[in-house]
Amino acid sequence: MSAVTELPESFTPVEATGRRRKPLRSRAYKWFRVCALVLVVLLLLAPLAWMVLASFKTNVDIYDAAKSLIFTPTFENYANVLARNNYFVFIFNSFWVAFASTLLSLLLGVPAAYAMSRFSMQRSALVVLMARIIPGVSLLVPWYYVFSNLRMVGGFSVLILSHMFVALPLIVYIMMSYFDSLPLELEESAQVDGLSPIGAFRLITLPLSVPGIMTAGILSFIFSWNNFMFALVLSGSSTKTLPVAIFDFVSYASIDWGGLMAAATVVTIPIMVIALFTQKYVVSGLTAGATKG
């Protein structure tokens, strides 16, 4: 007779145990991911929420912790920002400088990036990289000396040129990676059909590069809109941009926190709207240039 070993009732095969534990691990990971995501979102949105709430408070309510969430809203801060301080002029100045610097940087940077990508201009690309990594603040003193001697300080042209110094290398490097991802065979086929190299670039490559151009233009516009240091040193009273105008609420003896938060909200909302409606172009442009071939 052969002895049959009986297994205990609590015995479970390894595979069955693995099948039971796997859903538990996946659910725990999902909960951890959700909690981490919520925590990150709260950390990012909490300062913005506090800024918006403080813009509807008086300075007395801002310092009162009991009125953090429950308070009587007031629009006096926005009236002070938009009506009395003539912030619509500063909004136009910021928009004009950002738009002009972005447009000129795209007109110069896209053809330059195409030439560096297609003709392997490594030294030129290195020069652009050096311009990209140089801190802009280190050039403010030489810029101010040169532009003041040329009587350009205080005008829009000097602001646009200074913003192009940072926007142009950014656009060139984004577009270089994007052009590298486009197959060269498309341009060669167009030239076989009778197009010139410039015609192939204008009719074939450029339309395919619209997502990359949108990405570079949006990032350049956001940088120019938020720039503070260049405008603080090089702008005048009639060309002052929004980030510099916000600084007017900070005085030697006190700070108008209500007006400061209202002005900061006015600065932030346009960029948030632009980022909200153009995020798919930014993501598609950056990911399309991340692979080659």
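The values are calculated or read from the model by the stated rules, or taken from the named source; none is laboratory data. Remember, it's a predicted structure, so these values are computed and weren't measured experimentally. Quick reminder, even Gly has a Cβ in these numbers, built from the backbone with ideal geometry, and neighbours come from all protein chains shown. For the accessible areas, the whole protein counts, side chains as well, though only heavy atoms, and no ligand, DNA or RNA atoms are used. Shrake-Rupley method; radii C 1.70, N 1.55, O 1.52, S 1.80 Å.
Annotations
- Binning the alpha carbon pair distances of the chain at 10 angstrom intervals from zero yields the distribution 5, 19, 22, 20, 15, 9, 5, 3, 2, 1, 0, 0, expressed in whole percent.
- Choice from PHE223, PHE165, PHE32 showing the highest fluctuation, given a GNM over the chain with Cα pairs closer than 10 Å: PHE32
- Shown are THR72, THR268, whose ranking by accessible area with a 1.4 Å probe and every protein chain present, most to least, is THR72, THR268.
- Highest-fluctuation residue, SER101, SER177, SER124 considered, GNM on the chain with Cα pairs under 10 Å: SER124
- Taking a span of 30 Å or more along the helix axis (Cα atoms) and a mean Kyte-Doolittle hydropathy of at least 0.0 as the rule, the DSSP H helices of the chain that qualify are 14-55, 87-118, 156-181, 257-288.
- For the range 68-80, 3J(HN,Hα) computed residue by residue from phi via the Karplus equation (6.51, -1.76, 1.60; θ = phi - 60°) reads 5, 10, 9, 7, 8, x, 9, 9, 5, 5, 5, 5, 5 Hz, glycine and proline entered as x.
- For the chain, size of Cβ-based charge dipole, Lys and Arg +1, Asp and Glu -1, in debye: 380
- Take every pair of alpha-carbon atoms less than 8 Å apart whose residues are at least six positions apart; their mean separation over the length of the range 161-278 yields a relative contact order of 22 percent.
- Its Cα gyration tensor gives the range 135-267 an equivalent ellipsoid, and the semi-axes of that ellipsoid, as √(5λ) in whole Å with the largest first, are 41, 18, 11.
- Gaussian network model of the chain, springs between alpha carbon atoms under 10 Å - residue of ALA65, ALA216, ALA113 with greatest fluctuation: ALA65
- Our summary gives the chain a relative contact order of 28 percent, counting only alpha carbon pairs under 8 angstrom and 6 or more residues apart.
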